[in-house]
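As structure tokens, the structure follows; a few thoughts come after it.
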Amino acid sequence: MFDSVTSLALQSALDGLSARQRAIAENVANINTPGYTAKRVQFEESLAASVAEGDGRAAPAVSRSLEPTQLNGSNVNLDTETLSHVDTVLRYQLATQAVGGEAAALRAAMRTA
């Protein structure tokens, strides 16, 4: 069960969301740093393709934002980072609940066996 496509996909999703949360934190910490370009983390498309192939493993890809820069050369937008943070937290909570549900199902199966 721990090597099922679902389990591997959930773990990959949690890893990707964790990487995204770290990138958001770094972006906000550098909001006033001249020349700093915001980081973006993508993993959903590669994870979907991996699941379709029956694997479930996907590593997050970190890239730099191409959004316009401010006068100091930074392109961190606090509104964008805040929305991304909220979205990421909600997705992480959903994924952890799914992992918890999988663990509960496994415990129930072991009790009945």
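Values quoted throughout were computed directly from the atomic coordinates according to the rules given, and no laboratory measurement underlies them. Just so it is clear, the model here is predicted, and its values are computed rather than measured. Note that each Cβ is placed from the backbone with ideal geometry, even for glycine, and that neighbours are counted across all protein chains shown.
Normalising the average separation of contacting C-alpha pairs (under 8 angstrom, six or more residues apart) by the number of residues puts the relative contact order of the chain at 32 percent. Taking other C-beta atoms within 10 angstrom as a stand-in for reagent exposure, Asp15, Asp87 fall in the order Asp87, Asp15, fewest first.
Annotation: for a label point projected 7 angstrom from Cα along Cα→Cβ of Arg57, residues of the stretch 12-28 with backbone N closer than 14 Å are 12-13.
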